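Notes for the one structure printed next.
The values are calculated or read from the model by the stated rules, or taken from the named source; none is laboratory data. As the structure is a prediction and not an experimental result, all values here were calculated from the model. Cβ sites come from the backbone with ideal geometry, for glycine too, and all protein chains shown count toward neighbours. We work out accessible area using only protein heavy atoms, side chains counted, and drop any ligands, DNA or RNA first. Shrake-Rupley method; radii C 1.70, N 1.55, O 1.52, S 1.80 Å.
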Amino acid sequence: MNMQRIEVKEGNFNLKDYQEAYKQFDWEDVKKEFSWSETGKVNIAYEAVDRHAENPDKADQDALIYSAPDREEHVTFSQLKKSSNQFANVLSSHGIEKGDRVFLFMPRSPEFYSAFFGILKVGAIAGPLFEAFMEQAVRDRLEDSEATMLITTPELLERVPYSELPHLKQIVLVGEDPETNEEGFIDFHKEMNQASESFDMEWVDLEDGMLLHYTSGSTGKPKGVYHVHNAMLQHYQTTKWVLDVKEDDVYWCTADPGWVTGTSYGIFGPWLNGVTNVIVGGRFSPENWYKAIQDHGVTVWYSAPTAFRKLMSAGEEAVKPFDISKLRHIASVGEPLNPEVIAWGLDAFKLRIHDTWWMTETGAQLICNYPAMEMKPGSMGKPFPGIVASIIDNEGNELPPNQMGNLAIKAPWPSMMRAIWERPEKFESYFLNGWYISGDSAYYDEEGYFWFQGRLDDVINTSGERVGPFEVESKLIEHEAVAEAGVIGKPDPERGEIIKAFITLNEGYQESDELLEDIRQFVKKGLSAHAAPRELEVKDKIPKTRSGKIMRRLLKSWELGLPTGDLSTLDE
Ligand code: 6R9
C-alpha cells in the first residue's frame, strides 16, 4: 500500500483544527437549527418533511427519487408531507395512538416512506423489518414489541403468523388488489385515497419513542433497541459534517431501513438536512449501482465495505462505461473498511472512502473520518465533536494509547438508545462506570485515531498473541486471488487458538495447494508469522448478515459443529 495517510479536502466541517472544533462544540447549539427550540413543539417528521414542504423554496424539490427496475417515481417534500398526512389519518381512524408499535414489513417504495412518516406523525413507534425475514424472525419481533399494527404486502403476508399474535389487531396491505375481506385487514390504497391531506400532528416530547430496531447479538433472541425523537440532533449534525451534504446534493444511502443505517442515514439524516434522497430498489449488481449513480447524478454516497469489496472484485472495467463524475463524497459503515478498498476507491473513483463507526444502539455515527481530516487507512477515525470515546479495561479504567481493550463511549449522547424493549436489565448491562461498552475491541494511537480490532467475541488468542480478525482479513483480500475472507480462532491444544481463514476466490483462480500456500506466505510476509492462517478453506460464499457483516460466529459454529444460534439476519 502506498499511502499511510491521505490528505484533507474541504467540507462542511472545515474548522482546520479538529481539537479546537472538538472543544468548542456544544449540542445545545445544534438545537437552534430546529424550530422546536422556539416553539417547544417536537416531532422528527415535522423537521424532516413538513418544515421543508412549508418552505416555498423547498416544497417542490424532490425529497425522494425512487428507482426500481419496474418503477421510477419522484416525490417532492410537499407530496411527502401530504401522503404521510393521509397515512396518519388512516392510522388515527383505526385507533393508532402515541406510543403504539406499528411495524413495517415491506420493500422500499414511496408507500413505505409515506407510511413511515405517518406513523411518526401520530406519535407511534415505527418498527422496520427486513423484507427478506422469514416467519420466525417476523414472529419474534412482533411478539416482543407487542405491535398492534403491521403494514405489509399481500406477497409477504404468508410469513406473518397473525392468528398466533394476540396483540396484532390490524394489518394494512399495500398491494394492487389485496383481498381484505377478513376482519382486521385494511386496504392501503383504498383508504389513502379517501383520507384527508391535512393532519394535526401529534407533538411529542424529545424523549418520546419513535423507533424500535431489532438487532441480534451472538446469543439469545433479537433485542428491541428503542430510540427517541431527540436523536434528530445527531442525525442532522453528523449527516452535515461527516456525510458532508449540502442543499443541492443528490444523496444515496444503499442501506435497507431494516438496518439502522437505512433509517438514521437512509431517512432522517438526508431529510433533516433537506437533501434529495435516492432510493434504489431491485438487486445489487455493479452495473445497476453505477447506473443509479450516473442516472440520478448522485453526489454523496453512503454504503458498506461488503458492497465496495464486491465492486472492487468486479474491477475498474465495470465502472468505465458509466459517467459517475458528479460523485464527490463517499462514506462507509457496518464493518471495518479495508485499506485495500480505500486504495481501490482512490483509483476507481478518484475519491476517498470515509469510514464511520457506530451501532444500532448508538443511533448515529460516533467515530468518523471527515472530509477535512487526514485519513489513516484502516482507522475508523476520531470521535465526532460532542462524543467522548475511550478504551477501557474490564474494570472500567481508561487505557493509554496503543492498548487493545473495550471501545467505550461516555454516556449519554443525543441519539443513544433509551432502552432495550422490556428488558431493563439488558439495557443496564451495557454500561460500566458511566461508559457505554460497545462490545467491540479497539485501540487508539497517539494522535487520537481509533483502530477497530474485532467484536470482542471474535478476537483470536493464538499462542498468547491477540489477533484481530479484521487485519488478517484485510491482508488476505490484498492478495490478487482472494475476493473475500472471514477469519476465526479455532481451539488448539497447543496454541490456545489457531487462525483459520475462509476465503472466496476471484474469477479466474482455481484452488490448489500452491495457491493456498502462496496466500499463507503473503499474509506471513505482509503481516506477521503468528497472524498467518494455519488453515485456509475455500468457500463459494462467506456468510453475512443483511447489513453485510461477516458472520464469524457462524463460521466458527460450522467449524466446530456447534449449534448456530439465531440466524434471522443471515443473508440468503
Ligand atoms: C451501523 C451498524 C454494529 C457493529 C459494531 C461493529 C461493526 C460498524 C464499523 C464496524 C468496524 C466500522 N461496525 N461500523 N466495525 N468499522 N466502521 O453497523 O450498526 O448493525 O448494530 O452493527 O458493526 O462491530 O459494533 P449494527
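Once backbone amide H atoms are built at 1.01 Å from N, residue 538 has 503 as its partners under 5 Å, excluding neighbours fewer than 5 places away on the same chain.
Can you give me the angle between helix 513-526 and the longest principal axis of the chain, using Cα atoms only, in degrees from 0 to 90, rounded to the nearest 10? Approximately 90 degrees, to the nearest 10.
Sum up the charges of everything whose Cβ sits under 12 Å from the Cβ of residue 457, counting Lys and Arg as +1 and Asp and Glu as -1, but leave residue 457 out. Neighbour charge sum, excluding residue 457 itself: +2. Positive-end ranking of 196, 503, 90 along the dipole of the chain, with charges on Cβ about the Cα centre, is headed by 503. Remark: relative contact order (the range 461-560) = 29 percent; criterion is Cα-Cα distance under 8 angstrom and separation of 6 or more residues.
The calculated FRET efficiency for residue 395 paired with residue 466, based on their beta-carbon distance and R0 = 22 Å, is about 0.75. Largest accessible area first, the listed residues 125, 437 line up as 437, 125 when surface is computed with a 1.4 Å probe on the assembled protein chains.
Taking a straight Cα-Cα cut-off under 29 Å and skipping sequence neighbours fewer than 8 places away in the same chain, the lysines within cross-link reach of residue 121 are 31, 32, 41, 58, 81, 82, 98, 169, 190, 223, 240, 246. Most simply put, the range 27-442 has about 50% antiparallel DSSP beta bridges, counting only bridges with both residues inside it. Every Cα-Cα pair of the range 461-560 was included, and the share exceeding 15 Å stands at 58 percent. The angle separating the long axis of helix 286-296 from the principal Cα axis of greatest extent in the chain is about 50 degrees.
Each pair of Cα atoms in the range 30-150 enters the Kirkwood radius, and Stokes-Einstein at 10 °C and 1.306 mPa s then converts it into a translational diffusion coefficient of 102 µm²/s.
Relative contact order of the chain, taken over Cα pairs closer than 8 Å and 6 or more residues apart, is 12 percent. Rounded to the nearest 20, the size of the Cβ-charge dipole of the chain about its Cα centre is 840 debye, with Lys and Arg at +1 and Asp and Glu at -1. Nonpolar atom fraction for the chain, defined as the carbon and sulfur part of the 1.4 Å probe accessible area, stands at 46 percent.
All other residues whose Cβ lies under 12 angstrom from that of residue 188 are scored, Lys and Arg at +1 and Asp and Glu at -1, for a net of -4. Per-residue accessible area (protein heavy atoms, 1.4 Å probe) orders 202, 484 as 202, 484, starting from the largest. Accessible surface computed residue by residue for the chain, with neighbouring protein chains in place and a 1.4 Å probe, gives 40 Å² per residue. Note on residue 74/residue 456: beta-carbon distance plugged into 1/(1 + (r/R0)^6) with R0 of 56 Å gives a FRET efficiency of 0.80. All other residues whose Cβ lies under 12 angstrom from that of residue 331 are scored, Lys and Arg at +1 and Asp and Glu at -1, for a net of 0.
What does a probe at residue 534 reach in the range 485-515, counting residues whose amide N is under 14 Å from the point 7 Å along Cα→Cβ? Only 488-501 fall inside the zone, counting backbone N under 14 Å. The convex hull built on the alpha-carbon positions of the chain has an orientation-averaged projected area of 25.9 nm².
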